[in-house]
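The values are calculated or read from the model by the stated rules, or taken from the named source; none is laboratory data. Just so we're clear, the structure is a prediction, and the values are computed from it rather than from any experiment. All Cβ positions, glycine included, derive from the backbone under ideal geometry; neighbour counts span all protein chains shown. Note: accessible area is taken over every heavy atom of the protein model, side chains too, but ligands, DNA and RNA are not part of it. Shrake-Rupley method; radii C 1.70, N 1.55, O 1.52, S 1.80 Å.
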Amino acid sequence: MSTTMDRRKRAEHLLRVVASPRFLDKQGLGNEVPFFICAYGAEEGLSMGEDRKDLIARLGHAGVQVLDIDLYDLSLEVLKDRGILDQVLEIEAETEKAELKELLQGVLDPQEHLIPAIARRIGAEPHDVIFLSGVGEVYPFLRSHNVLNNLQSTAKDRPTVMFFPGKYTHALATGASLELFGQLHDDKYYRAFNIMNYEV
């Protein structure tokens, strides 16, 4: 979806779905967690950010409150709160990439640090739906399937939409998988629904 018309169609579909009582009441999901993937082309990164903000504003006018969480901004907050952001910035230039990756994966561990930070936001801000973005910006320190797996027990009361720069594919042979930027295989993840296939 790269043309203006496709963007418009996607925006209208997202508005119709997210504002619907069926979606907000988590109907038609069986016993699955209410997680949805909104995949888009990596080249649409800037325009998708604008479209997401516009969608949040339009949903607000429709009386739907969105808790908008950017994983990149949240990661910086976690590093700041732990008192290590300045240290990380200081050593970044002379540290090997693999070493830095390992360090950040440890200090941003989803189970220990990131999910509790999200849980605090969930508890503090009234909302009807959660939007997660910034997936591409936090790779490879955070992996989207890992965030979603750890989020299952924390964000099960309200629908969660992850805006994913890449593909969410389903195939009989390989199952469901997240492919970041349409190229990097981000492991199998079965429990989310493709929001573009959700009917109201």
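Report in % the part of the accessible area of the range 90-134 that belongs to carbon and sulfur, leaving out ligands and nucleic acids; probe 1.4 Å.
Heavy-atom surface of the range 90-134 belonging to carbon and sulfur, 1.4 Å probe: 48 percent.
Can you tell me the accessible area per residue over the range 1-145, all protein chains present, probe 1.4 angstrom, in square angstrom?
Result: 55 Å² of accessible area for each residue.
Which residues' amide hydrogens lie under 5 Å from the amide hydrogen of Asp68, considering only partners 5 or more residues apart or on another chain, with H built in the peptide plane?
Hits under the 5 Å cutoff: Phe131.
So if each residue of separation counts as 0.36 nm, and I subtract the Cα-Cα distance between Leu29 and Asp6, what length gain in nm does that give?
5.6 nm
Rg/Rh for the range 38-132: what does it come to with C-alpha atoms and Rh from Kirkwood?
Ratio of gyration radius to Kirkwood radius: 1.05.
Identify which of the listed values of Kirkwood radius over Cα pairs in Å was calculated from the structure shown: (i) 18.2; (ii) 16.5; (iii) 17.6.
(iii)
If r is the Cβ-Cβ distance from Asn194 to Glu92 and R0 is 35 Å, what FRET efficiency results, to the nearest 0.05?
Here the calculated transfer efficiency is 0.45.
What ranking of Asp70, Asp86 comes out by heavy-atom accessible area, probe 1.4 Å, highest first? Don't skip to the end; give the middle numbers.
Details: Asp70 45, Asp86 115 Å².
Output order, biggest surface exposure first: Asp86, Asp70.
Tally Lys and Arg at +1 and Asp and Glu at -1 over the other residues with C-beta under 15 Å from the C-beta of Thr154: what net charge comes out?
Working: positive: Arg120, Arg121, Lys156, Arg158, Arg191; negative: Asp109, Glu112, Glu125, Asp157.
After counting each charged neighbour, the total is +1.
If you count only protein heavy atoms and use a 1.4 Å probe, how large is the accessible surface of Tyr198, to the nearest 10 Å²?
Rounded to the nearest 10, the figure is 20 Å².
Full-extension gain between Glu43 and Asp109, please, as 0.36 nm times their residue separation minus the C-alpha to C-alpha distance.
Details: separation 66, 0.36 × 66 = 23.76 nm, distance 2.83 nm.
Net length gain for the segment: 20.9 nm.
Among the listed pairs Lys9/Lys156; Lys97/Lys167; Lys26/Lys80, which are separated by more than 32 Å between their Cα atoms?
Listed pairs above 32 Å: Lys26/Lys80.
Contact order normalised by length for the chain, with contacts defined as Cα pairs under 8 Å and 6 or more residues apart; what percent is it?
33 percent
Using only DSSP helix segments of four residues or longer, with each worth -39500 (n - 2.57), what per-residue ellipticity at 222 nm results for the chain after dividing by its residue count and rounding to 500?
Taken over the chain, the calculation gives -13000 deg cm²/dmol.
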